[in-house]
Amino acid sequence: MSIRYLPETLVNQIAAGEVIERPSAAVKELVENAIDAQATQIEIDIYQGGKSLIRIRDNGMGMSRDDLSSAVDRHATSKLPDDDLVHIQHLGFRGEALPSIGAVSRLSLSTYDGISENGWSLRVEGGKKYPIVPTPHPKGTTIEVRDLFYATPARLKFLKTDKAEYTAVKDMVTRIAMAYPHIGFKLTHNDSPSLSLPEQSRDPNEVTKDRISAIIGRDFSENCVPVHAIRDDIHISGYTGLPTFDRGSAQYQYLFVNGRPVKDRLLIGCIRAAYTDLMARDRHPVVVLFIEAPPEEVDVNVHPAKAEVRFRDAGLVRGAIISALKHALLQAGQMTSTTLSFQTLSSVRPQGSSPALPYSRQQPGFYGNLAEKILNSYVPFPELSSIPSARVEPLPDMPQTFPETFHPLGAARAQIHENYIVAQTENGLVIVDQHAAHERLTYERFKQQLSAGAIRKQGLLMPVIIPFTDTETSLLIDHAQDLAEMGIDIELFGIDAVSVQSVPEILSGRMDIIRLIHDILDELKEQGKSGVVRDKIHALLSTMACHGSVRSGRRLNADEMNALLRQMESTPHSGHCNHGRPTYITLDLKDIEKLFGRR
């Protein structure tokens, strides 16, 4: 069988299968073109989730007659003036989107550049280009995509319901809009308004937060901390949610690289690493992160839809993101997202009941020699070393004001249900979960002890031999020094196996060594770095902290309760326990007064 060249129409249809796999992808490409055209207002209308019609209007630069004719030809672009694929300054640059869309739909473009005598219009149906005709049009461009995939009906079978496709379009538009607050966006679906984001023109820092709040909601703006860091030429900014403000999936993580929304595994892994001991593993933080890097340091040409990027120095970027997020969360101190509002309290009815938060407490077990040493060497806080046998109630002759009320967490007034400390602050009250709070304090002290010295190793009487491929053994040996610092010594055993000589003493007898090494290898393949061992050690320390903390049902006197509050104020991340649950909630005095009709 001889080799032949495929017809241009078929080539464009194949490209459409890579770039335009669903309506949201078409919307993304067309909106990015509008942004590249310096539009300040973009309107998107879709019908049936974008299957029957996508219409996008912008007030950008528009096109001349000649540019309009070239725009629908394959690999024709105005965005690579020097044919340089390294210093890419635009969102779109391949010249594939319009010809690909035109090959599988009924495409029409109307445009005016503000210079020509009139505007121009062009139709492309199933890859066939019709003559350009003059048309009245304001400055900018209008693009209509009708009957998407009508020319490739097999692809229609893979589209989801209208609602699912509309949801994907809205998610795409909101992600792009978040990165460009100086542009106004409007989205309608079946003639019903869906999204309206006016153009912002105030201080850029405040504008970004205003746009973020409009998209995610005010709850996020009230329960997030700013992120800002610079490492070499990598600039990181944005906002990250408090650990107690979490979600059940990672879809609320908005990541941008040089203004381009991406869903990159490296970046998602960095977020997971930053929240390792601050949140339960099945929960996900809400994050809005903007990464700016020199164009030559980022390859945006590794994915047909440009949804993923590749960094020249992935280790530098990974370290910068993790340290930036950790520093932001550390600066938050004992902040927690559980501040009760008047609206929340007023919705509670006496006959109602609130469901308990899910909390799975691990069962105690044998921790190994090093774990026992840490527990045995741990000295409880002096103020909490003696627990009274009888409950201590607040004394009737207590003074009405205390200097302690000026502390962030106030002064302890009472203990209720042998677990919750009620404290008075200058402007309200605080309720503290004593077990959750002391669990975090104990865990942070364990971490300090661990970081103060090297991780102890436990040599194996019989080394464990694990077979791998030659490339896998090479990858593990390349990271042998990093693993040794975490307490694991490995050696090459032939060309297709490794020999494990030692493991961390704290994990000895508590793990499947073969499975551990396989987990490490999987993470090395995916991210180029592994935190599996550290995660397992921290998980064990977290369990130890849970069992070494002041238990629910323990009665504390006023001095002990105040000592716990002061320790919380000076301990990082004390606003949430190791499982991501809040350690305290606050209620403003003004909201209390509203409940009793005093305001």
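Assorted remarks:
- Spin-label pair LEU461/ALA539, simplified geometry with 7 Å Cα→Cβ offset, distance in nm: 2.7 nm
- Straight Cα distances below 29 angstrom link LYS590 to the lysines LYS209, with same-chain residues fewer than 8 positions distant left out.
- Cross-link reach is defined here as a Cα-Cα straight distance under 12 Å, omitting same-chain residues fewer than 8 places apart; for LYS326 the aspartates and glutamates meeting it are ASP277.
- Straight-distance crosslink candidates among lysines, where the alpha carbon sits under 24 Å from LYS129 and sequence neighbours closer than 8 are dropped: LYS28, LYS51, LYS79, LYS139
- About its Cα centre, the dipole of the range 457-545 is roughly 360 debye, where the only charges are +1 on Lys and Arg Cβ and -1 on Asp and Glu Cβ.
- Derived value for the range 457-545: Kirkwood hydrodynamic radius 13.1 Å. Basis is the mean of 1/r over every pair of different alpha-carbon atoms.
- With the simple spin-label model, which puts each label point 7 Å out from Cα in the Cβ direction, the GLN501 to ARG598 separation comes to 7.0 nm.
- Counted residue by residue at 0.36 nm each, then reduced by the alpha carbon distance between them, the extension gain from HIS182 to ASP66 reaches 38.8 nm.
- For the pair SER196 and SER451, a Förster radius of 45 Å applied to the C-beta separation gives a FRET efficiency near 0.35, rounded to the nearest 0.05.
- Calculated FRET value between ARG218 and LYS263, using beta carbons and R₀ = 25 Å, to 0.05: 0.50
- Near GLN41, the amide H atoms lying under 5 Å from its own belong to ASN59, GLY184; only residues 5 or more places off or on other chains count, and H is placed 1.01 Å from N.
- Computed from the Cβ-Cβ distance with R0 of 35 Å, the FRET efficiency linking GLU526 to LYS157 stands at 0.60.
- Projecting label points 7 angstrom from Cα along Cα→Cβ for ASN118 and ILE230 puts them 5.3 nm apart.
Every read-out reported here was derived from the displayed coordinates using simple, explicitly stated rules and does not represent laboratory data. Since the model is a prediction, treat every value here as computed from it, not as a measurement. Virtual Cβ from ideal backbone geometry, glycine too; neighbours counted across all protein chains shown.
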